[in-house]
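The values are calculated or read from the model by the stated rules, or taken from the named source; none is laboratory data. Note that the structure is a prediction, hence the values are computed from the model and not measured. As a convention, Cβ positions derive from the backbone with ideal geometry for all residues, glycine included, and neighbour counts pool all protein chains shown. Just the protein is used for accessible areas: all its heavy atoms, side chains included, with ligands, DNA and RNA removed. Shrake-Rupley method; radii C 1.70, N 1.55, O 1.52, S 1.80 Å.
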Amino acid sequence: MKPETIAIHTQAQRTQYKESAVPVYLTSGFVFDDTEDMRTAFTEEQQRNIYSRFSNPNTSELAEKVALLEGAESGLALSTGMAAVFSTFAALLESGDHIVACRSVFGSTHTVFSNILPRWNIHTSYFSADTPELAEQLITPATKILYLETPTNPACDILDIAYFAQLAEAHGILLVVDNCFATPILQQPITHGAHLVIHSATKYIDGQGRSLGGLVAGRADLIRKIYVFARNTGPSLSPFNAWLLSKSIETLPLRMQKHSENAEQLASWLEQQEQVEQVNYPFLDSHPSFEIARKQMSSGGGMLSFEIKGGIECGSKFINSLQLCLRSANLGDARSIVTHPASSTHSKLSAAEKAEVGITDGLIRFSVGLEHIDDIVNDISHALQRAQA
Ligand SMILES: *Cc1c(COP(=O)(O)O)cnc(C)c1O
């Protein structure tokens, strides 16, 4: 089946009431007929729900849907994107193991690499998105995981998934890709050779800024290890949030198409504005890696960034002048959202660290929403004028 159909028809079993939409199984536990019934459940001779920290029809439906969309053998739904990130490392790594990662990763993921995993003697070496060929030199006999996001946040750099998959294969290590920005609708890292894909479902999968959620999909043996870790340590997703996220996926293909259309139009328009220095969007011909983007993505997605002339002062005047687009840290919402990384998400980074991940004082990150493009452009146009006044 095609993604549009999978997104709608992957459902938990109907109950005796034969409802059209799957109900919310808002229950902490499940009941057993007798001790034998319980024994076969606990020994896993029978696949069934025991307790919602382990599994629940709603969380299983969401995980299965995303696994199918990603072309993965198996999937797991967790409470947040960071629960998915941390559970993956905690389940698959041991003291002394090493990670090679692109420096342009989500802020909290960076904190996990730099401040949390080192406490268990797991260390990370970073390469820059603009020098991917330097990644191989960082691989040591202790390296177990190669980790990246593409497109990157907020610079919209593109990393060649097939290149990194071949590198991982050659060194017998795992390639893990955070596919949050593209979603499985625009990019399927597993079909390019990645072993695991991670999502913050909080972003496009929810798509309406309501619920946190996380997902991991990939090789069944790896997902099994992450499942065992998670089922015993507790980063479980609530059945209600799983139900919400699974319903959201029914419209994900349509939404991603519209996010991409709006973002592509906005990127082209921004390129022509004299107040704008540079526009970063994977599907612009001016993007340094647009050929790789076109090879691995079916459209450019809803995220773009641009450099406003006049540095930090104009950047902040621009943001403060917006009337339609929201000032918020979230992304992937139906509403357009704008951030100024230098003064918000990345404000804790030193000047050198900011430079290394491509964040300048005038960089604006845009999560292009589903409003009419004319209204988005109008809002930005007015704010650009006010910023330069
Ligand atoms: C938001 C985000 C995360 C973390 O997800 P949460 O659901 O907020 O925990 C991880 N990776 C990327 C790329 C993100 O944008």
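Annotations for the structure displayed:
- Subset of the stretch 329-343 (residues that are more than 16 Å from His259 (Cβ to Cβ), surrounded by 15 or more Cβ atoms within 10 Å (Cβ to Cβ) and either within 18 Å of the chain's Cα centre (by Cα) or within 16 Å of the ligand (Cβ to nearest atom) (or both)): Thr339, Pro341
- Residue selected from the stretch 2-16 under the condition open to solvent by 70 Å² or more (accessible area, probe 1.4 Å) and at pLDDT 95 or above, by the criterion farthest from Leu244 (Cα to Cα): Lys2
- When the stretch 156-169 is filtered for residues that are within 16 Å of the ligand (Cβ to nearest atom) and among the charged types (D, E, K, R), only Asp157 remains.
- Matching residues, the stretch 120-166, being more than 27 Å from Lys354 (Cα to Cα) and either free of Cβ contacts under 8 Å to residues at least 12 places away in the same chain or open to solvent by less than 30 Å² (accessible area, probe 1.4 Å) (or both): Pro141, Ala165
- Residue check, Leu117 closer than 21 Å to Ala194 by Cβ, away from the ligand (no atom under 16 Å from the Cβ) and either of a type outside the set (Phe, Trp, Tyr) or assigned by TED's automatic domain parsing to the domain that holds Ser60 (or both): no
- The stretch 170-236 holds no strands (runs of 3 or more DSSP E) entirely within its bounds that carry 3 or more residues that are within 15 Å of the ligand (Cβ to nearest atom), touching a helix residue (DSSP H, G or I) at 6+ places or on another chain (Cβ under 7 Å) and among the basic types (Lys, Arg).
- Condition broken by Gly209, with the remaining ones in (1) closer than 24 Å to Ile50 by Cα; (2) surrounded by fewer than 24 Cβ atoms within 10 Å (Cβ to Cβ); (3) in contact (Cβ under 8 Å) with a residue 60 or more places away in the chain satisfied: (1)
- In the stretch 295-313, the residue that is modelled with the lowest pLDDT out of those that are under 18 Å from Glu271 (Cβ atoms) and open to solvent by 20 Å² or more (accessible area, probe 1.4 Å) is Gly310.
- If you go through the stretch 354-389 and pick out every residue that is among the acidic types (Asp, Glu) and open to solvent by 60 Å² or more (accessible area, probe 1.4 Å), you end up with 4.
- Count of the stretch 226-245 residues, restricted to those that are over 16 Å from the mean Cα position of the chain (by Cα) and open to solvent by less than 50 Å² (accessible area, probe 1.4 Å), is 13.
- Pairs are defined by a Cβ separation below 7 Å, a sequence spacing of at least 6 or placement on different chains, a first member in the stretch 229-251 that is more than 17 Å from Lys65 (Cα to Cα) and assigned by TED's automatic domain parsing to the domain that holds Arg53, and a second member that is of a type in the set (Phe, Trp, Tyr) and surrounded by fewer than 21 Cβ atoms within 10 Å (Cβ to Cβ); the pairs so defined are Arg231/Phe54.
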